[in-house]
Amino acid sequence: MNGVGLTGEELTRDLLTRDLVSGDELIRQFEEGFTPAATFHHGDHVRLAFEYLRRYPALEALRLFSDALQRFAAAQGKADRYHETITWAYLLVIRERIARAGGVPTWEEFAARNEDLFIWKGGVLTKFYRQETLDSELARRTFVFPDQFL
């Protein structure tokens, strides 16, 4: 997720370029290993999760997205970078936001209405989790329920 320090302008340009790629093509490229790691940032994770949720029931999307993300991290030699709690929590928040939209919005509509999902450091998960929980090895390897309540 965007821990690389892209400026807002760079992130917007990066996301707009990917907007030109269909959701099906984005998933295909990711699952087949054609997504370059150097350009795959937090906003791309959000878009990919959104696309899986548009195509599959929630539990299937969770499994497929998590499996693909783990394969992606392993292929980059960074299997330890996969974080199950962050992955699942974002996917579930995105699922809720889609449901609250009253139908399946387009990616552009979703992104415009949910700008808070694109903030990586200090983002939406800080409402639900203490930082020490997210930093824990337990949260990295298995989903941990939120421990901070609004």
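Looking for whichever is within 18 Å of HIS41 (Cβ to Cβ) and in contact with a helix residue (DSSP H, G or I) (Cβ under 6 Å, 6 or more places away or on another chain) here; the options are PHE72, PHE118. Which one fits?
Details: PHE72 fails: in contact with a helix residue (DSSP H, G or I) (Cβ under 6 Å, 6 or more places away or on another chain).
Result: PHE118 is the single residue among PHE72, PHE118 that is within 18 Å of HIS41 (Cβ to Cβ) and in contact with a helix residue (DSSP H, G or I) (Cβ under 6 Å, 6 or more places away or on another chain).
Does the range 48-56 contain any residue that is small (Gly, Ala, Ser), touching a residue at least 24 places away in the same chain (Cβ under 8 Å) and assigned to a loop (DSSP other than H, G, I, E, B)? No, the range 48-56 contains no residue that is small (Gly, Ala, Ser), touching a residue at least 24 places away in the same chain (Cβ under 8 Å) and assigned to a loop (DSSP other than H, G, I, E, B).
Go through the residues of the range 80-94 one by one and say whether even a single one is farther than 16 Å from PHE143 by Cβ and not β-branched (Val, Ile, Thr).
If we filter the range 80-94 for residues that are farther than 16 Å from PHE143 by Cβ, which is where we start, we get 80-81.
Keeping just the survivors that are not β-branched (Val, Ile, Thr) gives 80-81.
Within the range 80-94, one or more residues are farther than 16 Å from PHE143 by Cβ and not β-branched (Val, Ile, Thr).
Look at the range 83-108: where a residue is closer than 12 Å to PHE65 by Cα and a partner is in a loop (DSSP other than H, G, I, E, B) and of a type in the set (Val, Ile, Thr), sitting 6+ places away or on another chain with Cβ atoms under 6 Å, you get GLU84/THR142. Looking for something within 23 Å of ALA139 (Cβ to Cβ) and either surrounded by 16 or more Cβ atoms within 10 Å (Cβ to Cβ) or modelled with pLDDT under 95 (or both) - is there at least one such residue anywhere in the range 97-105? Checked against the condition, which is being within 23 Å of ALA139 (Cβ to Cβ) and either surrounded by 16 or more Cβ atoms within 10 Å (Cβ to Cβ) or modelled with pLDDT under 95 (or both), the range 97-105 yields at least one hit.
Assuming ALA111 fulfils every condition listed in (1) touching a residue at least 12 places away in the same chain (Cβ under 8 Å); (2) closer than 22 Å to GLN131 by Cβ apart from one, which condition is it? The one condition ALA111 does not meet is (2).
Residue pairs whose Cβ atoms lie under 8 Å apart, sitting 6 or more positions apart in sequence or on different chains, and linking a residue in the range 128-142 that is within 20 Å of LEU117 (Cα to Cα) to a partner that is among the polar types (S, T, N, Q) and modelled with pLDDT of 95 or more, are TYR129/THR85; THR133/THR85; LEU134/THR85; ALA139/THR85; ALA139/THR133; ARG140/THR85. Among residues of the range 36-84 being basic (Lys, Arg) and more than 11 Å from the chain's Cα centre (by Cα), the one that is surrounded by the most Cβ atoms within 10 Å (Cβ to Cβ) is ARG54.
The values are calculated or read from the model by the stated rules, or taken from the named source; none is laboratory data. Since we're looking at a predicted model, the values are computed, not measured. With ideal geometry, Cβ positions are generated from the backbone for all residues, glycine too; neighbour counts draw on all protein chains shown.
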